Every structure is written in C-alpha cells, then in structure tokens.
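Below you'll find the structure, written out as structure tokens, and then a few comments.
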Amino acid sequence: MYFNRNESAIGETAKKYGKYCLTISENILRNREDAEESVNDAYMQTWNSIPPVKPSNLRAFLGKIVRNLSLNRLKAQRTKKRGSGEYDLAFEELEEVITSPQSVEELVEEISCRDFINKWLSTLTPEQRMVFVGRYWYFDSVSEISDKMNYSVSKTKMLLLRLRGELKEYLENEGIHI
Amino acid sequence: MNANKLLYDINDIDDAYVIEYAERSEALKARLVRRRIRTWSTLAACLVLIVLCMPLMINMIQSARFKSQDVDTVIRFESFPELCKVLPEDSALLNIPDVRNAKISAKLYCPKGTKKIEDFETVKMIDLSVAYKKDVEVFFNCVFNEEIAAEEYVKESELSFFPESVKQTVIAGTEVFFAEGTGPNGTKHLAAFNYNGDMYKIWCYQFELEEMVTYVTAFLK
C-alpha cells in the first residue's frame with residue numbers, strides 16, 4: 001500500500017501496530033499525549049520513507065522510528081532536572097557501561113557500535129537477549145520484564161547487571177574504551 | 001561515547017532481535033494470562049466446593065462429637081410400645097404428642113458390644129423420627145448427660161440456622177430456643193432445650209414456627 005501511495009496505508013498501519021508503537025513511545029516519554037504525537041510523526045516519517053526504503057519487517061522498522069523520535073522528543077523536552085521515566089533509569093544503568101564519557105566521546109563519537117552490539121547480542125541466549133532488548137530497546141520496566149519472562153524481579157535485576165558488565169567488557173575488548 | 005549515544009546505537013540492532021522480543025513477550029504474556037485464569041479458576045472452584053460442603057462438614061463434625069468410639073452400637077426400634085419398654089418411667093420421650101397414631105423409627109446409640117438394653121443409663125443418644133399422617137414427620141435427637149447448652153448449640157450453628165431467626169421462650173419452666181434453618185430437605189424449624197441434664201432437639205420440615213411452638217408445648221406439659 002505504501003508503494004502504491006495508497007493513503008489508507010497509514011490507517012491500516014495504525015490499526016495493526018498502533019498499540020505496539022504507543023507502548024514503546026509511552027515507555028520513553030511517560031506521557032500519553034506526547035507518545036501519541038510521536039507515533040503520528042512516526043507514521044508520517046514512514047509514509048515519507050517508503051519508497052524508496054523497502055523495510056524487511058515493517059513492525060521493526062516502525063518501532064525503530066518511534067523509538068528514535070521519542071528519544072529525540074525527550075531530549076528536546078528535558079530540563080536540567082531528570083525525570084523518572086524508564087528512559088532515565090535505563091540511561092543511568094547504561095552509564096555504568098561507559099567508563100569515561102567525556103574523553104571517549106571525543107575520540108570515538110563518529111563510531112557506531114551497532115555492529116559490536118549486534119555481535120554481542122548474538123552470543124547471548126534467547127532469554128538473556130530478551131531481557132536486554134526489553135530493557136534497553138523497549139524501555140520496559142524491570143517488573144514488566146519479570147512478569148513477561150516469569151522471573152523474579154531480583155533475578156531480572158541480577159541478569160541485567162551481569163549483562164551490562166559483559167557488554168562493557170565486550171566493548172572494551174573491541175576497542176571502545178579509554 | 002556516552003550512555004546517550006549507546007542508547008541511540010542500540011536502536012539499530014537487528015530487526016530480528018526487536019521482533020523476537022515483541023513476538024515472544026506477546027506469547028509469554030498470553031501464557032501468563034492463561035496461567036492466571038487457570039489459577040484463579042481453580043481457587044474459585046475450591047472456594048465454591050468449600051462453601052457447598054460446609055453444611056455437610058458441620059453436620060459431620062457435630063455428629064462426630066456424639067459418636068465417639070464407645071458409642072458405636074445402634075439398637076433400632078420400629079414400634080413405640082417396644083421403645084416404651086426400655087425407656088425410663090420419667091423419660092420425656094413418653095410425652096411425644098399423638099405418638100400412638102404415628103409410625104416411629106428410633107435408633108439408640110449404646111456402648112460397643114451392647115446386645116440388649118439392660119440398663120438405660122448406658123444409652124448415650126437417641127435419634128427418633130415420628131411420622132404422622134398428612135406427610136408430617138417430626139425428628140427428635142436426645143443426647144443424655146449433655147454438657148452443651150441448647151443456647152450454645154443454636155448460636156454456634158449459625159451456618160445451619162439463620163441467626164436472626166433464633167427466638168427464646170420458657171415453656172413449662174424449660175428454656176426453649178427456636179430457630180429456622182436449612183437442611184437436606186429444605187427449610188426446617190427447630191426447637192432445642194436442656195431437660196433434666198439431657199439435651200433435646202426437635203425439628204420438622206413441615207411445621208411453621210407457631211405449629212412448632214404448639215408441638216413443643218404439648219411435649220413439655
């Protein structure tokens with residue numbers, strides 16, 4: 001429908017993936033109205049991107065746009081005082097992974113560690129990967145992940161701590177460190 | 001690199017990992033919901049079962065209080081004149097109203113090994129039903145040397161008798177408690193009283209309260 005420039009494509013997308021997109025955005029923004037706006041922006045961006053882009057999986061494609069737009073919106077909105085959303089908590093947790101933000105930023109700012117993260121993710125078990133992606137991609141709360149995985153909250157927290165340590169070690173081994 | 005950039009870079013992980021979480025978490029969530037429904041259904045079913053079995057359990061517990069190990073021989077009587085031969089001369093059961101025109105069935109609970117009642121003092125309890133014409137049947141339960149007060153019995157059996165239905169009156173010098181409750185055959189009216197150290201319970205499914213009062217009055221006078 002996108003390739004035929006059929007305008008009902010957006011409506012159909014909203015019908016099929018609206019809830020999914022809204023959950024991602026709400027996890028980041030913690031505000032329904034802002035989340036709805038981000039999701040609408042994501043639909044527009046999707047409409048403008050396809051074609052020429054031909055996503056292999058529309059759901060993941062849409063999810064990534066929503067996540068990115070929501071992060072941007074949050075970045076723009078943020079005052080000096082940090083909020084209490086899952087983004088902020090996840091952000092604080094991931095700060096542990098980065099040894100020295102200032103000095104490294106200057107050196108490797110242009111390097112995307114996407115490939116390294118993908119490689120590292122491929123070394124994990126599906127359960128470990130689910131917990132990591134749930135927390136740092138979807139920004140689900142620890143208790144939500146525990147519910148979904150049928151783990152205790154403390155087990156999930158411990159697993160996340162271990163995974164952050166492993167990611168840090170992996171990135172350092174790949175040269176992303178001081 | 002800083003944590004912010006790392007969070008952005010995580011955005012570009014393989015689609016497969018993004019979809020893996022979405023699909024598997026949906027499946028896990030559905031499984032969790034099914035499990036919760038199953039757990040709650042089981043709990044609800046157990047609760048219903050307990051509520052349904054409660055009256056039966058109460059009856060069993062109450063019966064067990066009387067049917068101790070030394071009272072497990074039952075001697076039956078199907079004729080009132082035969083029963084009168086073993087009852088003491090001062091027994092209140094001899095005053096059952098209009099009993100000569102009724103069919104009776106009596107069970108006397110005696111100590112283990114009793115073949116014949118030679119000493120009525122050994123009888124612990126009597127269950128007696130008196131069937132009158134017009135399908136009226138009155139049941140008696142008499143526990144000899146019972147320590148439990150009739151008031152206590154009626155008030156402790158709140159699940160069997162409606163608490164608001166309990167009424168107390170004195171008939172011929174005996175304090176009698178009347179109560180309405182449910183039994184296996186529907187709604188019953190019951191009278192309970194202590195008489196000469198024994199406890200009597202009389203109940204009937206066909207009587208209303210007034211008829212029950214009249215019957216007990218005739219019995220006690």
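Structure values in brief
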| quantity | calculated |
| --- | --- |
| Most to least accessible of A:L58, A:L163 (protein chains only, probe 1.4 Å) | A:L58, A:L163 |
| Where chain B is the region considered: accessible area per residue in Å², 1.4 Å probe | 58 Å² |
| Mean residue ellipticity (222 nm) of the protein assembly as shown, computed from DSSP H runs ≥ 4 via -39,500 (n - 2.57), nearest 500 | -17500 deg cm²/dmol |
| B:S79 accessible area, 1.4 Å probe, all protein chains in place, Å² to nearest 10 | 40 Å² |
| D_trans [Stokes-Einstein, Kirkwood Rh over alpha-carbon pairs] for the protein assembly as shown, 20 °C, 1.002 mPa s, µm² s⁻¹ | 75 µm²/s |
| Computed log₁₀ I(q)/I(0) - Debye formula, equal Cα scatterers, no solvent, region B:69-220, q 0.10 Å⁻¹ | -0.35 |
| List B:T39, A:T13, ordered by accessible area with a 1.4 Å probe, largest first | B:T39, A:T13 |
| Rounded to the nearest 10 Å², the accessible area of A:D88 at probe 1.4 Å | 10 Å² |
| Total accessible surface hidden between A and B, rounded to 100 Å², 1.4 Å probe | 3800 Å² |
| Solvent-accessible surface (1.4 angstrom probe) belonging to B:V86, in square angstrom, nearest 10 | 30 Å² |
| Sequence of B:K115, A:K54, B:K167 from largest to smallest accessible area, 1.4 Å probe | B:K115, A:K54, B:K167 |
| Cα-based equivalent ellipsoid, region B:3-48: semi-axes from gyration tensor eigenvalues, Å | 40, 12, 4 |
| Cα lying deepest toward the dipole's positive end in the protein assembly as shown, options B:V154, A:S122, B:G181, charges on Cβ | A:S122 |
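The values are calculated or read from the model by the stated rules, or taken from the named source; none is laboratory data. Nothing here was measured: the structure is a model prediction, and the numbers come from that model. With ideal geometry, Cβ positions are generated from the backbone for all residues, glycine too; neighbour counts draw on all protein chains shown. Note: accessible area is taken over every heavy atom of the protein model, side chains too, but ligands, DNA and RNA are not part of it. Shrake-Rupley method; radii C 1.70, N 1.55, O 1.52, S 1.80 Å.
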